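Readers should treat all values here as calculations from the given coordinates under stated rules, not as data from a laboratory. This structure is a prediction, so every number in the text was calculated from the model and none was measured. Glycine gets a Cβ as well: all are built from the backbone with ideal geometry, and neighbour counts include every protein chain shown.
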Amino acid sequence: MEEVHSISNEEVFDPAVHLQYIPPQKQITMQDLLLPLGEGTSPIAGTVPFSLLSAKGIRAYRKAMFQQEVLSKCSSSPFPGTLVLRDAVKYSKFIQDFWTHSETLRIVSEAAGVPLEIVMPTEIGHTNIQVEGSTIDEMKQNLKIEPTSEKVELSPADLAYDPLKDASAIIPWHYDSYPYVCVLMLSETDGMIGGETYIKKGDGTTQKVEGPQIGHAVILQGGEVQHLAARAKGVKERISTITSYRSKSPTVYDSSFMTNIRPYADLKSLYPEWTQYRLRKLKDEIVYHLQQIEKEPTHVQDQKGLATFVQSQISYLQQTLRQMITPEFEEKTIHRFGRSAYYEAPMIWEKVQTFPAFEALAASADDKRCWFPDSEYWMDLQASIELIRLKKPLKGAMGSKTWAGRRYYMGDELLRQGLNEVFLDWLEHTGLWTMYSESLS
Ligand SMILES: [Fe+2]
């Protein structure tokens, strides 16, 4: 068997040397943001930036990340000008030990205000690197262990850049696929403009959260809070690394999806991790409930409580399966529609709703059910329609909402489940995709 972490010259993680934790000065609450507290939502929406790594810690992290083996096995460039590193923990013991150390987990949980657990190993230290170079190799060559404070001159257009107005130049409004995220900055930010996060408040206005400085981190309940990340300008490199979490508590509903990662993750290594994490979470829930009943057998007489428990485990298991789109279907649809259409699927859905033929085409497709007539998506659609009839909220990849207004279509259901590739396939079947493509030309 291949020995992992074998030829490394990286440092050994030591919390006393590499960590420099100063608790965040402020936590932003859901109430501050005028947002509702759904089931499984923590009252803390996020933190302002706080110090996490010492100067030695920053250097050791960069050294670990820029090892030949990590760079050669973990890089891809899913978007122009961005180098992404995934699964670095498979090759770097330092990165693995830093994120999974009990002290780091304690700090992240304390800052977030809830006990947190890493979602799965593949979501440790997802790294986005903005650096000069037009190919992966050129970008890699420009990476140095010492953080550079070299600045890039800002053009008048850069200085006038407003991420809230310049829709083309930002990572658009979105919810994360996982409940919590910790973003750690590994580059100098002096002279940088942008790089902050904007959060959409309950009244439709926005709140700005400053981006972290080098060695600092922010935590966001990104699965429940709609946000956008402003592009950073004025610096030669920008390296941020992100780890995703869920609540450790067995009674808190875990709303995780693989929507944001399916188009570029290695599905064959992702799905076994996903399945293990989901089944472990299910086991924790069942053990917890069993213990409650063992302590107090009359609990079972609480029919309503038991029904809620059973129902939420059923939907949890269903979501576990639905998220595992087959690699063949994934590849085919991404090839057919393109990665940007995948990420823009919710906006495409908004757009097609303005077409005069929208209702007729969507309704006809759903009434005839010629699209995958045997699929379980039709059962899911019916179940959601029942919840709407009962005026119960629909929970999904884009937060939780009570449906009101027009008929609920398959397109709504697929986006609720974060199945953007399946949504595009359905949209094409209705004829709306062709109409959308034509509207662009
Ligand atoms: Fe995000």
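The separation of the range 336-377 from the range 65-112, counted between C-alpha centres, amounts to 37 Å.
Label-to-label distance for LYS201 and CYS370 is 5.0 nm, based on points extended 7 Å past Cα in the beta-carbon direction.
Distance between the 7 Å Cα→Cβ label points at ALA404 and GLU344: 3.1 nm.
Debye calculation, C-alpha points only, no solvent: report log10 I(q)/I(0) for the range 79-182 at q = 0.13 Å⁻¹, in the same order as the q values. Here the Debye-derived log intensity ratios amount to -0.74.
If you plug the beta carbon distance of ALA383 and SER249 into 1/(1 + (r/R0)^6) with R0 = 30 Å, you get a FRET efficiency near 0.70. Computed over the range 325-441, the range of Cα coordinates on each principal axis works out to 41, 35, 28 Å, biggest value leading. With N as its number of residues, the range 266-324 has a Cα radius of gyration that, divided by 2.2 N^0.38 Å, comes to 1.38.
From its DSSP helices (H runs of at least four residues, each -39,500 (n - 2.57)), the chain gives a residue-normalised ellipticity at 222 nm of -12000 deg cm²/dmol.
The slack between TYR288 and THR354, meaning 0.36 nm per residue of separation minus the straight C-alpha distance, is 19.0 nm. Note on LYS201: lysines with a C-alpha under 21 Å away, same-chain residues under 8 apart excluded, are LYS26, LYS165, LYS395, LYS401.
Placing +1 on the Cβ of every Lys and Arg and -1 on the Cβ of every Asp and Glu, with no other charges, gives the range 325-441 a dipole of roughly 560 debye about its Cα centre. The label point for LYS391 and the one for LEU37, both projected 7 Å from the Cα toward the Cβ, are 2.3 nm apart. Ordering of 398-407, 280-289 by packing is 280-289, 398-407, highest average first (other Cβ atoms within 10 Å, averaged per residue).
Ranked by the mean number of other Cβ atoms within 10 Å of their residues, highest first, the peptides 225-235, 148-158, 43-53 fall in the order 43-53, 225-235, 148-158.
As a calculated quantity, the FRET efficiency between VAL310 and SER155 at R0 = 45 Å, using C-beta atoms, amounts to about 0.15.
Here is the tail figure for the chain: Cα pairs spaced more than 32 Å apart come to 41 percent of all pairs.
Counted by Cβ distance under 9 Å from ARG59, the other residues give a net charge of +1, where Lys and Arg count +1 and Asp and Glu count -1. Take the alpha carbon gyration tensor of the range 22-110, find the square roots of its eigenvalues, order them as a ≥ b ≥ c, and report rounded if a/c is under 1.5; if not, report prolate when a/b exceeds b/c, else oblate. Prolate.
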